[in-house]
Amino acid sequence: EQLKGRILIKGKKLPPGCEDSEGEVSDEEEGWELARRLGQEDREAPEGGGPRRVRLSRELSELVSLCQAVPFQDFESSRRGQRYWEMCSFSEVEAGRFANECPAELVSYNKRFLSRVYPSPMRIDASNMNPQDFWKCGCQMVAMNYQTPGLMMDLNAGWFRQNGACGYVLRPAIMREEVSYFSANAKDSLPGVPAQLLHLKVISGQNLPKPKGSGAKGEVVEPYVCAEIHGIPADCAEHRTKTALQSGDNPVFDESLEFQINLPELAVLRFVVLDDDYIGDEFIAQYTIPFECLQPGYRHVPLQSLAGEPLPHATLFVHVAITDRRGGGKGHRRGLSGRRGRRVREYTSTKATGIKAIDEVFRAATQPLREATDLRENVQNALVSFKELCGLTPAANMKQCILTVATWLLHSDSAPSVTLNLAEQYPPMEAQGPIPDLLRKVLTAYETVTLTLSMAGGGCPLCVATRPLSDVPTCAGMDFHKELHRIEAKEGLRGRKLQKALESFAWNITVLK
């Protein structure tokens, strides 16, 4: 009774014309494959071959509402005829082929319908596929062999840690919006998604257990830490610390690692502690957490066993800092401190679709787009300069900066006076009387921050850039997309040229957004 209204039943439904208390439906999904693997197809398959028929009760059929299982034919048939409450299941092999050969179509399909991926029946050892391979294509449900621990189950358990291991996790907006450019196999930054830098300092470990089966080494444990990022191909990376020699169960690593994250909402960070051994590195502990759940500052990471069970009192002591990298294009590396040299600013440009009327609209947006990029970069640079003058890292926030300035004022021998007018949208900070040179530089940097913020917020050129979209007589704004296939046909674009035009249009819309 308590679970009523809380569970969605995925399954077959009896055909509309069936009036009996039960009827027959085809079982063309994994049930058929499993039966074939177990050698039952001779007994249960129909004479003509193909999927077997199973009996289904009306009571169970009527419980199925939003997840009615239907067979998948092809993407075009689904686009024309599949209804939103119907969902298809894909074998790991079939879904993997779509993810490699036509990832854009699979992502587009998953914007409209639910899909489920199940392990290949050939996994007779109950091993697991990598769920990230299908999450990055928008597949909502990836079935796992929960009885088999390891990296893949760590990723699955870690991913759903962000919602308390129940319900669902919302996919990134770029994977849900009707018109947006997203490549599941992206090897660089994505338009419209600000890349971020993750700065990790692995300081030490506490109460690390000995790896199982380590009796041959006696009491000596020489651990090191691997930090792995799992996500889209552009984000997948791994860095390790040096080995802590003869350190016992409380090793000190004191090592900094850095990662660029191009799609933060889909990235997962996994810490793995291993025992360095010339025969083969032994597993000690791990912990997996979504990038979006990372908290900045000094943190203790609670370690888990290979089976995902908590290890009492075993932790890693780390420092986490996350900084933005804005402006599109290939990101430039920016450390936690030090002055920046001059560099050529890179802009994310629009792409030609091959349709004159549409290309002219996007071409008109190029210069305002650059101006908007400049404004955003200027704000970021002003903020970084202000934070550095306050003696803080780019990961610090404005509140920390103001508190730092206040501390200086309180402990200054000359007792300078500074006012902060909170009545203004961008509160000015002004000195009353003489102040030290360093504090004057800080106030000047703060004034630059408020000036650039007011310029960016006052009249962003990007708003002007998108106005021509609504002035096109044939279709306004997003109506362009609805009419796109008709316009492309009129222009005579087919095949690869048509696909390229659609991708370019989605790219341009994403950049402008």
Against the 2.2 N^0.38 Å scaling, with N counting residues, where does region 196-324 land? I'd like the Cα-based Rg ratio to two decimal places. 1.04
Sequence-distant residues sharing a close amide H with residue 253 (under 5 Å, placed H): 204, 205
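Under 15 Å from the Cβ of residue 185, count the other residues' Cβ atoms, weight Lys and Arg +1, Asp and Glu -1, and hand me the total. Each step should come with its number before you reach the end.
Values: positive: 97, 136, 187; negative: 101, 105, 133, 188, 235, 503.
That sum, taken over residues with Cβ under 15 Å, equals -3.
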Answer rounded, prolate or oblate for region 112-165, using the Cα gyration tensor with square roots of eigenvalues a ≥ b ≥ c: rounded when a/c is under 1.5, else prolate when a/b is larger than b/c, else oblate. oblate
Cα→Cβ-extended label distance, 7 Å offset, between residue 276 and residue 413, nm: 4.9 nm
Just the Cα atoms of region 392-453: what Rg and Dmax do they give in Å? 11.7, 33
Once phi for every residue in region 79-87 is put through the Karplus expression 6.51 cos²θ - 1.76 cosθ + 1.60 (θ = phi - 60°), the whole-Hz ³J(HN,Hα) values, with Gly and Pro written as x, are 4, 7, x, 6, 9, 4, 8, 9, 9
Ignoring ligands, DNA and RNA, how do 349, 89 rank by accessible area with a 1.4 Å probe, largest first? 349, 89
How much solvent-accessible surface does residue 98 expose, in Å² to the nearest 10, with a 1.4 Å probe and all protein chains in place? 20 Å²
Diffing region 191-202: the Karplus 3J(HN,Hα) column from phi (6.51, -1.76, 1.60, θ = phi - 60°), in whole Hz with x for Gly and Pro, holds x, x, 10, x, 5, 10, 9, 9, 9, 10, 10, 8
With θ set to phi - 60° and the Karplus curve 6.51 cos²θ - 1.76 cosθ + 1.60, what are the ³J(HN,Hα) couplings of region 379-387 in order, to the nearest whole Hz, using x for Gly and Pro? 4, 4, 5, 5, 5, 5, 4, 4, 5
Gain in span if fully extended, residue 57 to residue 426, counting 0.36 nm per residue against the direct Cα distance: 126.3 nm
Taking the radius of gyration and the Kirkwood hydrodynamic radius from Cα positions alone, what is the Rg/Rh ratio for region 156-206, to two decimal places? 1.08
Is any residue of region 254-285 close enough, with backbone N under 13 Å, to a label point placed 7 angstrom from the Cα of residue 130 along the Cα-Cβ axis, and if so, which? 268
Per residue accessible area in Å² of region 196-324, where ligands, DNA and RNA are left out and the probe is 1.4 Å: 43 Å²
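Among residues other than residue 283 whose Cβ falls under 13 Å from its Cβ, what is the net charge (Lys/Arg +1, Asp/Glu -1)?
Neighbourhood net charge equals -3.
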Net charge near residue 272, counting Lys/Arg +1 and Asp/Glu -1 over other residues with Cβ under 10 Å of its Cβ? -2
Which order do 230, 411, 239 take by accessible area at a 1.4 Å probe, largest first? 411, 239, 230
How would 141, 152, 429 line up by accessible area, probe 1.4 Å, largest first? 141, 152, 429
Identify the GluC sites (Glu not before Pro) of region 160-258 meeting these criteria: DSSP loop state and at most 12 other C-beta atoms within 10 Å of the C-beta. 178, 219
Roughly what would the spin-label model give for residue 243 and residue 21, points 7 Å off Cα along C-beta, in nm? 7.0 nm
In whole percent, the fraction of accessible protein surface over region 110-248 that belongs to carbon or sulfur atoms, probe radius 1.4 Å, stands at 54 percent
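The values are calculated or read from the model by the stated rules, or taken from the named source; none is laboratory data. Because the structure is predicted, anything quoted here is derived from the model rather than measured. Cβ sites come from the backbone with ideal geometry, for glycine too, and all protein chains shown count toward neighbours. With ligands, DNA and RNA removed, areas are computed over all heavy atoms of the protein, side chains included. Shrake-Rupley method; radii C 1.70, N 1.55, O 1.52, S 1.80 Å.
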